[in-house]
1. If you take the residues of region 167-186 that are touching a Leu at 6+ places or on another chain (Cβ under 8 Å) and more than 7 Å from ligand 1 (Cβ to nearest atom), which of them is most open to solvent (accessible area, probe 1.4 Å)?
2. Could you pull out the residue among Ser384, Ser423 that is surrounded by 16 or more Cβ atoms within 10 Å (Cβ to Cβ) and out of contact with any helix residue (DSSP H, G or I) (no Cβ under 8 Å at 6 or more places or on another chain)?
3. What number of residues within region 150-166 are part of a strand (DSSP E or B) and within 8 Å of ligand 1 (Cβ to nearest atom)?
4. Select from region 639-662 the residues that are small (Gly, Ala, Ser) and open to solvent by 60 Å² or more (accessible area, probe 1.4 Å) and list them in ascending order.
5. Quick one: which residue in Ser299, Ser340 is buried (at least 18 other Cβ atoms within 10 Å of the Cβ) and either out of contact with any helix residue (DSSP H, G or I) (no Cβ under 9 Å at 6 or more places or on another chain) or farther than 24 Å from Asp247 by Cα (or both)?
6. Which residue pairs have Cβ atoms under 8 Å apart, sit 6 or more places apart or on different chains, and have a first residue in region 315-329 that is of a type in the set (D, E, K, R) and a second that is open to solvent by less than 40 Å² (accessible area, probe 1.4 Å) and assigned to a strand (DSSP E or B)?
7. Quick one: would you say Tyr544 is open to solvent by 20 Å² or more (accessible area, probe 1.4 Å), more than 16 Å from ligand 2 (Cβ to nearest atom), in a helix (DSSP H, G or I) and at pLDDT 95 or above?
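The values are calculated or read from the model by the stated rules, or taken from the named source; none is laboratory data. All values derive from a computational prediction rather than experimental measurement. A quick note on method: Cβ atoms are made from the backbone with ideal geometry, for glycine too, and the neighbour counts reach across all protein chains shown. Surface accessibility is based on the protein's heavy atoms, side chains included, excluding ligands, DNA and RNA. Shrake-Rupley method; radii C 1.70, N 1.55, O 1.52, S 1.80 Å.
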Amino acid sequence: MKYNPSEIETKWQRHWDEERSFEPSDDTRLPKKYVLSMFPYPSGRIHMGHVRNYAIGDAIARYWRKRGCNVLHPIGWDSFGMPAENAAIKHGLHPKSWTYENIDYMRRELSALGLSFSKEREFATSDPEYTRWEQQFLIEMYEKGILYRESTTVNWCESCHTVLANEQVEEGRCWRCDNPVVLKEMPGYYLDIVRYADELLRDLERLEGKWPAQVLAMQRNWIGRSEGLAFSFRFSDESRQKLGGDDGGFEVFTTRPDTIYGVTYTALAPEHPIVKRLIEKGLLPEETARRIEEIANMSEVERARQEKEGYPLGLEVIHPLTGGKIPVWTANFVLAGYGSGAVMAVPAHDERDFEFATRYGLPIKRVIEGGELPYTGPGVLVDSGPFTGMASEEARRAIIEYMEKERLGEGRVNYRLRNWGISRQRYWGAPIPFIHCPGCGLVPEKPENLPVTLPDDVEITGEGNPLESHPTWKRCICPRCGSEAERETDTMDTFVQSSWYFLRYTTPRRFWEEVPFRREDTDYWMPVDQYIGGIEHAILHLLYARFFTKVLRDLGYVNLDEPFERLLTQGMVLKEGAKMSKSKGNVVDPDALVEKYGADTARLFILFAAPPTQELEWNDSAVEGAHRFLRRLYERALRVEPCDALAPIDHATLSKEEKEARRKVYEALKKGEEVYGERFTFNTLIAACMEALNALDRQHDGRVWQEGVWIVLNLLEPIVPHICWELSDRLFKRNNFGLIEVREEVFQVEAIPMAVSINGKPRAQIEVPPEASKEEILEIARAAVPKWLEGKSVVKEIVVPNRLVNLVVK
Ligand SMILES: [Zn+2]
Ligand SMILES: [Zn+2]
């Protein structure tokens, strides 16, 4: 019988479909496992990264199913987003048909890999019945003050024609198209993630040891909690008059209150409202004003790359402690998005402030003793009024306390994390369900009118928001007063959809019209026991999903603090050392691989080539090797005598080779527990199975073969399911798919080989019983070397257990 993967694979895929083999049970008394690989964006075709992601998840899901667990292993589609619109612009296709056709195609591709997904719980996030609940969440968040609309400076990508969240700006560039991001003022909707910053930070501790340390560190940094002092600089009387009288001053935040006596200037961001006012009032030289506006429109990267640049604003503030007058500047390194867009500058103790002061000849005042300036370490305060002589740490506390008592400022915790801007000015997204009424202002849509769906008849040109230019879509009636009003045309960031999709899967689809998900289902299934995805989601998706879960908890939807119990971040698939990409032309098409070798070979290769967390280098000959192994397994297994149950084997009566084969088989079985349950180093388990097969081949006992194949097929089923179902069905009626107990007797060693040396020179080999005492070992050793002991006296005896005996003789 020849191994024919396509025949076997089609047969079993059909069987699994017909039997609904992978649908979770509604019986909540069963122990549960929720195994989830991050869902794909329906870009058109699956790539090797997908194969890796889903092969890992599938192996874990299949393992727990065999252990008698009720397993939820779902798949869906993260189907809103820009590529659909780009396809529309490029090929004239409608984003909706492009998306859903891609889903159909990719579903077939995934299906051909034999992945054990629940088919009944599949959905796409662009389905209106999904949008309906998301819009409801937003309205409830608005009512709780977690969602708000505000006009502020935002990150704008010129090439994507949309706003980006801070998390979507990577080193000043758009995460999607890599164009430099510019800052722009416009209204948008924000989710108050900062309100949850402390909890998001604190709960990372619970994930310690269960999430990769790197991901935890990245989230900690991104949240960026710092403690310090917030206080205001008040304008001098002359400056206040100059500005028109109503400006008291501006607020700054510092983590180094101990250096406050060293402030010699302050600096505002070029987009700070005070700078704008000066320009509007014509209070700055024309040339300077023009340059400041230029800087304000630059991307953050551009600004960071440039030399420090700034201009005096002709204003002065009063130092809150010394009463001295301090000049106000604007500087390119102060960003509006961080803190309040204003900083106190202490050139003696800050590198950046020092560089700027040196360039513009501003005074530098040392207030901390220590090394050469700029000195940024802690030390004893000098020239600092009543705080002189204190150490930095003590002075920090004392200065905050004093400023609070005098109502000059307050101790504050600051975060690097900014609120999440969810407005996008694009068509293919979930509409934000609000209405602008000339009389009532911003009004949420009524629940009975949800979902607010997208119009199908749009023209997508890439210029502006198609919802904005649609002739009728945005015209509506105010839900509150009934007068004519306008619908919001912003759509949601697609990361909103991926922030709760894992909750949706927990509820059977027959309830999806009634509820987003049922409480009893999330109580049973959540948290996700094992989540699997790429490290690129370390901040964006994983932070948003954690935040969303906490908000839904506070809205009463779930009883849960953290959504993902354990996280595995898989490494990239490389070819010739580079990430596979169309532009590099080094893409391996999974379809072609499945076509040529079968799904089992593709899955075996991808799990064998590297541990899941490491990068995987593509290797054609290793694919061949994986295929050869399966062919050999198939052909050899079919020579085993079929049986319904294993006959007992009397281990003691077996030959050395037979014992060795059993030992290898059970070693693999032990490894299986550790690999599937804990470590996910599938490569080591596959290697152990290969060794077991080799050891089986060196003996001829039919029962040992039977037992070996029984166990190996059980162990490999999660990795190469089709071939294992086929063989197990034929040979064992699949009775080998249950829990198999380890037989400890096979690990009992009968004799330990040891070397015997005389004066350090090896002279003989002996075998000793494992339980032999030192005296017994010496007795056996002496008996093995009679001729070296003749006429000599033994002066020293050394026994190195399990290794050697050395006799020193004279
Ligand atoms: Zn972009
Ligand atoms: Zn109204």
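1. Ranking the candidates gives Trp175 first.
2. Working: Ser384 fails: out of contact with any helix residue (DSSP H, G or I) (no Cβ under 8 Å at 6 or more places or on another chain).
After ruling out the rest, the residue left standing is Ser423.
3. 3
4. Let us first name the residues in region 639-662 that are small (Gly, Ala, Ser), namely 645, 647, 652, 655, 661.
Matches in region 639-662: Ala645, Ala652.
5. None of the other options fit; the residue is Ser299.
6. Note: pairs meeting the criteria are Glu316/Phe235; Glu316/Ile326; Glu316/Val328; Lys325/Val317.
7. When the stated conditions are applied, Tyr544 does not pass them.
Residues are listed down the side, and each one gets a yes or a no for (1) open to solvent by 40 Å² or more (accessible area, probe 1.4 Å); (2) out of contact with any strand residue (DSSP E or B) (no Cβ under 8 Å at 6 or more places or on another chain); (3) modelled with pLDDT of 95 or more:
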| position | (1), (2), (3) |
| --- | --- |
| Gly92 | yes, yes, no |
| Asn102 | no, yes, yes |
| Leu115 | no, yes, yes |
| Arg149 | yes, no, yes |
| Cys157 | no, no, no |
